[in-house]
């Protein structure tokens, strides 16, 4: 394509927007609303996932072994278990460490009560491994594999915590997908209407172009430019809004509700904004491109 | 050369617009197609523009068989034709220069080529001094000259004119006919569909008369007769 033709198509696309400025503004507003909600959900979801990920790291599976196994044998078994790809980390607790921990937890201030056990460790044979998973959703299969492992006596785990975190994650994801999907459909519909109006404004011009021998590509280009510009504007505006809103919201929550900042840390904007910008711009351009490209097709027939 | 052989056209509505049309037009000819409303003249032009397809028959324009032409080649084919309409179809928001340059721009011609060709084309149609005027500032005759300049700027081999003088007064109609004659003398094949018997009789060129979708006469140096 010649540079002059490129500029011509760009100029005509911008002219289209100016010709039916109200329709264009309505389209920009709808895409902005859609992308703003996307940015909002994006911020919320990545922060929730950050929290969930942290929480997942603290939920472990405890594995106890047959009492007749020596500590060395348990450690060897532990090394084999540690080769499972789902496992991110493992901590060994010997029977002595377990008893010391219990004494600290239950007999604090009344150490004399524990002295009755003297050297007779009541938790002998309770050496265990605390296992942490990369992804909490794999807990069931890991537990099943552990139970099948020879030498493993008991596997303790919290099913409800894992399920709770997984389903919370899934609900947020599905909810945001549904809302964004509906808004996407509305955006495509509105851009499509705007392009239809622009096409009717240019009906005479398009007809002349076809008789002169312009290619479909050349006829379509100004409309696609129009769609892309609307899409881009619809992405930039909510990104600016989200940028300042996120900074203010995080600052406000941290200052007013200190309990929140004790529970978890918000992800810094610099970490999520580049990804958010890339997805939002692609989304805006994508909506603009597809809506205009397919809408104008029906106006190309001669 | 244009060869139309055994062409029939029946629209979806059942209207039989053309019946067994056979016409051969040599390069550089000037041909009038006349007939009453509904006689099939405009359908014939639409077939030549590949705007509609014949129900049966064969149309060959400059060795290109339109029936076998894929849709993607239609734009390139149309660049070899120029079209002029009764209602001029100029772009009202662009001046004379831009209207003529538009035809070059949309086929991707270079700005240099446009700067070379547009002024000379405007000179040829006698509108050099009005290149900055907008269509609404021009007379009907002048607007049709702009439309002719636009149709010719890409140097087509054939010029199709559908009632080019239909919206013009007698004086302007004759001026446009003179211009079409001049273009024909420069080597372009000119096909004019018209209702104006007076102009046909004045020009004394080949006249094809149509009635109810059929050719009823085809005379060299012919004339039109009141029915």
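The values are calculated or read from the model by the stated rules, or taken from the named source; none is laboratory data. Small disclaimer: the values here were computed from a predicted structure and weren't measured. Methodologically, a virtual Cβ is constructed for each residue, glycine included, from the backbone with ideal geometry; neighbour enumeration extends over all protein chains shown.
Being within 30 Å of residue A:25 (Cβ to Cβ), in contact with a helix residue (DSSP H, G or I) (Cβ under 8 Å, 6 or more places away or on another chain) and surrounded by fewer than 18 Cβ atoms within 10 Å (Cβ to Cβ) is the requirement here; does residue A:168 meet it?
no
Specify the residue that is nearest to the chain's Cα centre (by Cα); the eligible residues are those in the stretch A:181-218 that are surrounded by fewer than 17 Cβ atoms within 10 Å (Cβ to Cβ) and over 26 Å from residue B:85 (Cα atoms).
A:181
Tell me which residues, restricted to the stretch B:52-63, are crowded, with 19+ Cβ neighbours inside 10 Å and part of a loop (DSSP other than H, G, I, E, B).
Once the filter is applied, which keeps residues that are crowded, with 19+ Cβ neighbours inside 10 Å and part of a loop (DSSP other than H, G, I, E, B), the stretch B:52-63 yields only B:54.
Can you name the residue in the stretch B:121-139 that is assigned to a helix (DSSP H, G or I) and out of contact with any helix residue (DSSP H, G or I) (no Cβ under 6 Å at 6 or more places or on another chain) and, of all such residues, is surrounded by the fewest Cβ atoms within 10 Å (Cβ to Cβ)?
Result: B:136.
Of the conditions (1) surrounded by fewer than 21 Cβ atoms within 10 Å (Cβ to Cβ); (2) within 10 Å of chain A (Cβ to nearest Cβ); (3) over 16 Å from the mean Cα position of the chain (by Cα), residue B:49 clears all except one; give me its number.
(3)
The conditions are (1) over 23 Å from residue B:156 (Cα atoms); (2) in contact with a helix residue (DSSP H, G or I) (Cβ under 6 Å, 6 or more places away or on another chain); (3) without any contact (Cβ under 8 Å) to a residue 40 or more places away in the chain, and residue B:50 fails exactly one of them. Which is it?
(1)
Of the residues that sit in the stretch A:276-301 and are free of Cβ contacts under 8 Å to residues at least 40 places away in the same chain and more than 11 Å from residue A:220 (Cα to Cα), which one is surrounded by the fewest Cβ atoms within 10 Å (Cβ to Cβ)?
Filtering first and then ranking leaves A:301.
Quick check: is even one residue across the stretch A:153-175 more than 14 Å from chain B (Cβ to nearest Cβ), in contact (Cβ under 8 Å) with a residue 60 or more places away in the chain and part of a loop (DSSP other than H, G, I, E, B)?
yes
Answer with yes or no whether residue B:66 is more than 14 Å from chain A (Cβ to nearest Cβ) and buried (at least 19 other Cβ atoms within 10 Å of the Cβ).
no
Taking the stretch A:190-216 on its own, how many of its residues are farther than 27 Å from residue B:72 by Cα and without any contact (Cβ under 8 Å) to a residue 40 or more places away in the chain?
Qualifying residue count, the stretch A:190-216: 0.
Are any of the residues in the stretch B:110-119 within 27 Å of residue B:42 (Cβ to Cβ) and either at the interface with chain A (Cβ under 7 Å from one of its Cβ atoms) or assigned to a helix (DSSP H, G or I) (or both)?
Residues of the stretch B:110-119 that are within 27 Å of residue B:42 (Cβ to Cβ), as a first pass: none.
Checked the stretch B:110-119: no residue is within 27 Å of residue B:42 (Cβ to Cβ) and either at the interface with chain A (Cβ under 7 Å from one of its Cβ atoms) or assigned to a helix (DSSP H, G or I) (or both).
Working only within the stretch A:237-279, note down all residues that are at pLDDT below 85 and touching a helix residue (DSSP H, G or I) at 6+ places or on another chain (Cβ under 6 Å).
A:253, A:254, A:260, A:261, A:264, A:266
Across the stretch B:72-103, what is the total count of residues that are surrounded by fewer than 21 Cβ atoms within 10 Å (Cβ to Cβ), more than 7 Å from every other protein chain (Cβ to nearest Cβ), within 22 Å of residue B:189 (Cα to Cα) and free of Cβ contacts under 8 Å to residues at least 60 places away in the same chain?
Adding up the residues that qualify gives 3.
Is it the case, given these coordinates, that residue A:285 is within 31 Å of the chain's Cα centre (by Cα) and within 30 Å of residue B:71 (Cα to Cα)?
When the stated conditions are applied, residue A:285 passes them.
Within the stretch A:61-144, considering only helices (runs of 4 or more DSSP H) that don't extend past its boundaries, which have at least 1 residues that are modelled with pLDDT of 85 or more?
Here the list reads A:71-81.
Of (1) outside any helix (DSSP H, G or I); (2) touching a helix residue (DSSP H, G or I) at 6+ places or on another chain (Cβ under 8 Å), residue B:202 satisfies all except one. Which?
Single failed check for residue B:202: (1).
Quick check: anything in the stretch A:21-29 within 30 Å of residue B:101 (Cβ to Cβ) and crowded, with 18+ Cβ neighbours inside 10 Å?
Yes.
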